[in-house]
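The values are calculated or read from the model by the stated rules, or taken from the named source; none is laboratory data. Quantities reported herein were computed from a predicted structural model and do not represent experimental measurements. Here the Cβ positions follow ideal geometry from the backbone for every residue, glycine too, while neighbour counts run over all protein chains shown. Note: accessible area is taken over every heavy atom of the protein model, side chains too, but ligands, DNA and RNA are not part of it. Shrake-Rupley method; radii C 1.70, N 1.55, O 1.52, S 1.80 Å.
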Amino acid sequence: MRQSPGVAIVGVGATEQGEIPNQSPEEIAVRAVVAALADAGIEKSTIDGLITCKAPLTTHGTDEGMGPLLGINPAFSTTLDYGMGSYSLHLAAMAIRSGFASTILLTYGTNARSAKIGFSRPIGGSNYWTALAGFLHVAGPAAMAVRRHMHLYGTTEEQLAWVSVSQREWAQRNPLAVFRTPLTVEDYLAMPYIVAPLRRPDLTVISDGGTAIIVTTAERANDFRTVPVHVLAMAQQSGIRNEQNPDKLMRPWLGDIASQLYERAGFGPSEVDIAYLQDGTSVWVLQMLEAYGFCGIGEGGPFLAEGHTRPGGSIPVNTHGGQLSESYTHNWMHLYEAVRQLRNECGDRQVPGAKVALHAQTHDFWKGAATLLSTNEAQ
């Protein structure tokens, strides 16, 4: 489907990240909403659409639960069970273009750390078979994906280390980040394996936190307090056949998302200034750097080691520290950071002259989504 212009982000809000005891996911999300409304300079009465993201592995965060806390009766409301940042944003854009609402609030909140929610469980529809194989966490298949990349392209552990080391460098400049202690390649290599060749820095932190985003029509965007960040193009692709997909571990369907996205935008990766790549594990970043054309297939290891994703690099990646160092919010804080970078609001970690951001994510081996964002309505 050819993308049409007309949707922009006009407000963002976030809570502290890390540990927020004695608060429900809904309460945390509401605090982020208050910040987003203030950012946009509007009252809640302006909102006529609500999309909530259910907190992982819980029943918390539905629109019916959020409605009373927010005190709103929007014309359009729904809850996404796996409503990570891109999927919620895409649904909001579709709802606005369909005329269901004109200004939509997106919410996310979790208390996964304080509630001690366990993530050590098989993922996806083949979980019975993966459990029999001993894969009781995403780290297992992710480690296999790294091994596959190493086998095919000669990627080394030292090269993979740069995903975590680079994002830690960015996190040191982010007061919201959970992990801010300096990390070197030597530090990384000295750590024990979790599932070889993955170490602790290769796997996401579990944290509490909330995020809220406000999306409206491009025609109305200039009526809000902030500089609007326009959605230039969107794309999605699934890999839900799972084991039936050739070379499943390498997630080749990521390239399909990239092709659709750039075709709809009318430009390629050379026009992207900053990238926000979901990093539940470090190998996701390695794969997406290649799939989205920042380097060739199989060239991700050397590309990382050359420093391209670090502060001052050619394509800064996850300038807030990402899920490996900032917090685990299903790519919501990636979207929050992308908007603030494009609005030139990130202080010591601001990327000078950033005009176009890629926000890309995946649900493990199952599906993916991506968005190109810019303060310019058309490129």
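On the protein heavy atoms, probe 1.4 angstrom, tell me the percent of accessible surface of the chain carried by carbon and sulfur.
Carbon and sulfur together cover 52 percent of it.
Cβ neighbours within 10 Å, averaged per peptide: list 47-60, 175-188 in order, most packed at the top.
Order by mean packing, descending: 47-60, 175-188.
Helix 85-97 against the longest principal axis of the chain: what's the angle in degrees, Cα atoms only, rounded to the nearest 10?
Approximately 40 degrees, to the nearest ten.
Residue by residue through the stretch 328-335, what is 3J(HN,Hα) from phi via Karplus (6.51 cos²θ - 1.76 cosθ + 1.60, θ = phi - 60°)? Round to whole Hz and write x for glycine and proline.
10, 10, 6, 6, 5, 6, 4, 5
Which distance in Å, rounded to a whole number, links the C-alpha centroids of the stretch 358-379 and the stretch 30-56?
The stretch 358-379 and the stretch 30-56 have Cα centres separated by 21 Å.
Accessible surface of ASP273 in the full protein assembly, 1.4 angstrom probe, to the nearest 10 Å²?
Result for ASP273: roughly 50 Å² accessible.
Ignoring ligands, DNA and RNA, what accessible area per residue does the chain give at 1.4 Å, in Å²?
That works out to 38 Å² per residue.
Please give the calculated 222 nm ellipticity per residue for the chain, where each DSSP H segment of at least 4 residues contributes -39500 (n - 2.57) and the sum is spread over every residue; nearest 500 deg cm²/dmol?
After summing the helix terms and dividing by residue count, I get -9500 deg cm²/dmol.
What's the lysine pair count for the chain at a Cα cut-off below 27 Å, pairs eight or more apart or interchain?
Taking the Cα cut-off of 27 Å, the pair count is 5.
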